[in-house]
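Chemist: Before I ask anything, let me first share the structure, which is written out below as structure tokens.
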Ligand code: HEM
Ligand SMILES: [Cu+2]
Ligand SMILES: [Cu+2]
């Protein structure tokens, strides 16, 4: 086979580019520790979530203080709201604290993304999505369902309020 | 001799396929402008709840129907022109009718949603589930049945190409497969391998489930089967565009293809690498271990290689053409290309935009940067450059060249045809760049409303209001571009025959011909076997894990939308 010299140079450069991409992403994953959403959240029955009889914290979703410097936020996504998150029940979490979101669906596929952050996951019935983050800036962030979930999908939003750590008061967990 | 006189039967088939594809394009473009104006809050005719019916229609008609019918026609021409034989008529027409029935079923199911979703056979006639139809959202069973028929029809269309090749081989033992046919066959092999995923999803799971024969499906499993097909399908759109760029465009530029062997290598790479990458659409899905996502990411990155090679070969061929026309200098040869010829200009602009689409695609493929843009408007911004321009504009442009040959009629309204690709280009530049930036600002895709009650978006570069305006203006220009194309086609179609056509399907030899390519490239069995092994590596373990707890567990019942 006849390969022109210019072609060889181009081919070499292309392979170098590709290997470079893979290397930076590998570094991001291993070195910088940006972890992906994976199967760590485990499975759950979507109907049980719907009926509130999973026997887990999802029956009473909200923010749970897991330890001195970690909170876990249980969120149920369902047509067309986040519990908590939507309307007048924003998710309230402390700044400079490890926040783990555990999100699951009571019906169809939804999305869960917090604007201006890297927090972005699919919410699939039967699965629990788990994402951990630390907010270093206080303020109100937007919460969006970014996967079409039915005729009122465009109303499925919410907000996340990040308050200074010393002003944060763990709430009573309730619906 | 003109193609239509030489192959009247094949021409009739191609004409029928093109008509269906152009009707789909027309409807899809109307839906497109409705969406662009609606979701930016510019002008509204439908309710926001109906937006999703329109969006389903747009996705299905353009991404599935327009593309599949156009490709069937283009491939029919490519096989028949390069093997110099008539396509097997029974198989080819059977395929056409199956695909048409499927299209009508799916279209009726979708449009039913705009007419009050009447109950038909015990299910409400609607299908606003978008073209990805993720379970457990349920559409009318006719929608799934229609989708299945379109796919089965395309399989049979492929059989007609294989049959032609076998017949040709028995008469031309030992000869190299002509490049155009080689490309068609490689693409179809890739298509067979990848459509198995969606066929299993629809036939084994969604049809029985939508009819109530089984009560549950596993949403993650069906989603995974969808994306097993969902990425390769983009190569099913792109490879025909490549066929045009490699085999026809150099001639339109006044030159010859640079390298036939390299073109074959590129297509073989697509066959091998297109399928084992679907998990890159599921980077942020729960329930899938990180390692599988990582394997898909590395495969995806290597899939850049054939596209980068294509960029080289196509540009080199164009440069050769321009120099034949007297072009000089490092870059000033670009001026010696026929920018006023609609077929050439459309393909060249499509290729240019594809380069931009390639860059945003690399961002999508970057496993961790994907968080920034997953399911935001960035994503439609990206694929309107790829399928919406690289494929669609190439298809329109090459129709200016091909339709005269399959009808025997001169292209009408050359002036309109000559400006049409530029209008599409400008419209897409506006719409797509604004969509990309809006995505970075976190604005989601697939949503009817520009704002939320709980918070508002802020632009990173430029204001959100300015992005909306650009999307509205760009979308309107695109609609005008599609309309101009359809006007030119309609007038050409109804014109009288006569006069000399300015086009023909005679091709100059490549600078480096097939005799330079190793024979092993034509060994389809080998490549198919390797492709399957790669798929088993990428998909075997995750599918086994999803199936281990029972094929419908964790299960979800249908939820009407
Ligand atoms: C008249 C030209 C076009 C206009 C104005 C247009 C506009 C749009 C808009 C505004 C969206 C919706 C974004 C959203 O809400 O998420 C969209 C989605 C889409 N468009 Fe286009 N588009 C055009 C042409 C095309 C072409 C030629 C193709 C493919 C061949 C295409 C394929 C798609 C697909 C697949 C979607 C996504 C559907 C989904 O998310 O389910 N469009 N388009
Ligand atoms: Cu939702
Ligand atoms: Cu939603």
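Chemist: Kindly list the number of the only condition in (1) within 25 Å of the chain's Cα centre (by Cα); (2) assigned to a loop (DSSP other than H, G, I, E, B); (3) more than 30 Å from residue B:545 (Cα to Cα) that fails for residue B:343.
Modeler: Condition not satisfied by residue B:343: (2).
Chemist: Output the number of residues of region B:504-550 satisfying the condition of being part of a loop (DSSP other than H, G, I, E, B), more than 14 Å from chain A (Cβ to nearest Cβ) and surrounded by 18 or more Cβ atoms within 10 Å (Cβ to Cβ).
Modeler: Total satisfying the criteria: 1.
Chemist: While we're looking at this one, here's another question. Of the residues B:56, B:10, which single one is within 14 Å of ligand 1 (Cβ to nearest atom) and either within 19 Å of residue B:443 (Cα to Cα) or in contact (Cβ under 8 Å) with a residue 12 or more places away in the chain (or both)?
Modeler: Selected residue: B:56, the only one of B:56, B:10 that is within 14 Å of ligand 1 (Cβ to nearest atom) and either within 19 Å of residue B:443 (Cα to Cα) or in contact (Cβ under 8 Å) with a residue 12 or more places away in the chain (or both).
Chemist: Now a separate question. Could you tell me whether residue B:512 is modelled with pLDDT under 85 and touching a strand residue (DSSP E or B) at 6+ places or on another chain (Cβ under 9 Å)?
Modeler: Criteria met by residue B:512.
Chemist: Continuing with the same structure: In region B:437-452, which residue that is surrounded by fewer than 24 Cβ atoms within 10 Å (Cβ to Cβ) and assigned to a helix (DSSP H, G or I) is farthest from the other protein chains (Cβ to nearest Cβ)?
Modeler: For region B:437-452, the residue satisfying everything is B:437.
Chemist: Of all residues in region A:117-175 being in a loop (DSSP other than H, G, I, E, B) and on the phi > 0 side of the Ramachandran plot, which is farthest from ligand 2 (Cβ to nearest atom)?
Modeler: A:126
Chemist: Inside region A:115-136, can you point out the residues that are at the interface with another protein chain (Cβ under 7 Å from one of its Cβ atoms), over 22 Å from residue B:218 (Cα atoms) and more than 9 Å from the chain's Cα centre (by Cα)?
Modeler: Once the filter is applied, which keeps residues that are at the interface with another protein chain (Cβ under 7 Å from one of its Cβ atoms), over 22 Å from residue B:218 (Cα atoms) and more than 9 Å from the chain's Cα centre (by Cα), region A:115-136 yields A:115, A:116.
Chemist: Test residue B:300 against the criterion of being within 11 Å of chain A (Cβ to nearest Cβ), crowded, with 23+ Cβ neighbours inside 10 Å and in contact (Cβ under 8 Å) with a residue 24 or more places away in the chain, and give yes or no.
Modeler: Criteria met by residue B:300.
Chemist: Sticking with this structure for a sec: Looking only at region B:361-381, count how many residues are assigned to a helix (DSSP H, G or I), within 14 Å of chain A (Cβ to nearest Cβ), under 21 Å from the mean Cα position of the chain (by Cα) and in contact (Cβ under 8 Å) with a residue 40 or more places away in the chain.
Modeler: Residues flagged as assigned to a helix (DSSP H, G or I), within 14 Å of chain A (Cβ to nearest Cβ), under 21 Å from the mean Cα position of the chain (by Cα) and in contact (Cβ under 8 Å) with a residue 40 or more places away in the chain within region B:361-381 amount to 6.
Chemist: Can you name the condition, by its number, that residue B:257 falls short on among (1) in a helix (DSSP H, G or I); (2) buried (at least 24 other Cβ atoms within 10 Å of the Cβ); (3) in contact with a strand residue (DSSP E or B) (Cβ under 9 Å, 6 or more places away or on another chain)?
Modeler: Only one criterion is unmet by residue B:257, namely (1).
Chemist: Name the one entry in A:100, A:89 that is assigned to a loop (DSSP other than H, G, I, E, B) and more than 16 Å from ligand 3 (Cβ to nearest atom).
Modeler: A:89
Chemist: Now for a different question. Inspect all residues belonging to region B:382-395 and state whether any of them is away from ligand 3 (no atom under 16 Å from the Cβ), in contact (Cβ under 8 Å) with a residue 12 or more places away in the chain and closer than 21 Å to residue A:122 by Cα.
Modeler: yes
Chemist: Mind listing whichever residues of region B:274-306 are more than 19 Å from residue B:369 (Cβ to Cβ) and touching a strand residue (DSSP E or B) at 6+ places or on another chain (Cβ under 6 Å)?
Modeler: Scanning region B:274-306 gives B:286, B:287.
Chemist: Being without any contact (Cβ under 8 Å) to a residue 12 or more places away in the chain, within 13 Å of chain A (Cβ to nearest Cβ) and either away from ligand 2 (no atom under 16 Å from the Cβ) or more than 30 Å from residue A:89 (Cβ to Cβ) (or both), is that true of even one residue in region B:487-501?
Modeler: no
Chemist: Checking the condition more than 9 Å from chain B (Cβ to nearest Cβ), within 13 Å of the chain's Cα centre (by Cα) and either buried (at least 19 other Cβ atoms within 10 Å of the Cβ) or away from ligand 1 (no atom under 16 Å from the Cβ) (or both), which residue from A:64, A:73 passes?
Modeler: A:73
Chemist: Does residue B:293 fit the bill of being within 14 Å of chain A (Cβ to nearest Cβ) and either assigned to a helix (DSSP H, G or I) or modelled with pLDDT under 90 (or both)?
Modeler: Against the criterion (within 14 Å of chain A (Cβ to nearest Cβ) and either assigned to a helix (DSSP H, G or I) or modelled with pLDDT under 90 (or both)), residue B:293 qualifies.
Chemist: So, of the residues in region A:140-154 that are more than 7 Å from chain B (Cβ to nearest Cβ) and within 7 Å of ligand 3 (Cβ to nearest atom), which turns out to be surrounded by the most Cβ atoms within 10 Å (Cβ to Cβ)?
Modeler: A:145
Chemist: Scan region A:50-72 for residues that are over 21 Å from residue A:160 (Cβ atoms) and in contact with a helix residue (DSSP H, G or I) (Cβ under 7 Å, 6 or more places away or on another chain) and jot them down.
Modeler: A:52, A:53, A:54
Chemist: Go through (1) more than 16 Å from ligand 1 (Cβ to nearest atom); (2) under 17 Å from the mean Cα position of the chain (by Cα); (3) not in a helix (DSSP H, G or I) for residue A:108 and report which single condition fails.
Modeler: Looking at each condition in turn, residue A:108 falls short on (1).
Chemist: Among the residues of region B:376-384, is any modelled with pLDDT of 95 or more and within 16 Å of ligand 2 (Cβ to nearest atom)?
Modeler: yes
Chemist: Please find, within region B:309-338, the residue that is nearest to the chain's Cα centre (by Cα) out of those that are surrounded by fewer than 18 Cβ atoms within 10 Å (Cβ to Cβ) and either part of a loop (DSSP other than H, G, I, E, B) or within 7 Å of another protein chain (Cβ to nearest Cβ) (or both).
Modeler: B:338
Chemist: Now for a different question. Does region B:37-45 include one or more residues that are buried (at least 22 other Cβ atoms within 10 Å of the Cβ), over 17 Å from the mean Cα position of the chain (by Cα) and part of a helix (DSSP H, G or I)?
Modeler: The answer is yes, given that some residue of region B:37-45 is buried (at least 22 other Cβ atoms within 10 Å of the Cβ), over 17 Å from the mean Cα position of the chain (by Cα) and part of a helix (DSSP H, G or I).
Chemist: In region B:227-243, is there at least one residue being farther than 28 Å from residue B:397 by Cα, touching a helix residue (DSSP H, G or I) at 6+ places or on another chain (Cβ under 9 Å) and part of a helix (DSSP H, G or I)?
Modeler: Checked against the condition, which is being farther than 28 Å from residue B:397 by Cα, touching a helix residue (DSSP H, G or I) at 6+ places or on another chain (Cβ under 9 Å) and part of a helix (DSSP H, G or I), region B:227-243 yields at least one hit.
Chemist: Within region A:85-95, is there a residue that is more than 9 Å from chain B (Cβ to nearest Cβ) and either touching a helix residue (DSSP H, G or I) at 6+ places or on another chain (Cβ under 9 Å) or under 20 Å from residue B:377 (Cα atoms) (or both)?
Modeler: Yes, that holds for at least one residue.
The values are calculated or read from the model by the stated rules, or taken from the named source; none is laboratory data. The shown structure was predicted, so the numbers you read here are calculated from the model rather than taken from an experiment. Note: ideal-geometry Cβ built from the backbone for every residue, glycine included; neighbour counts use all protein chains shown.
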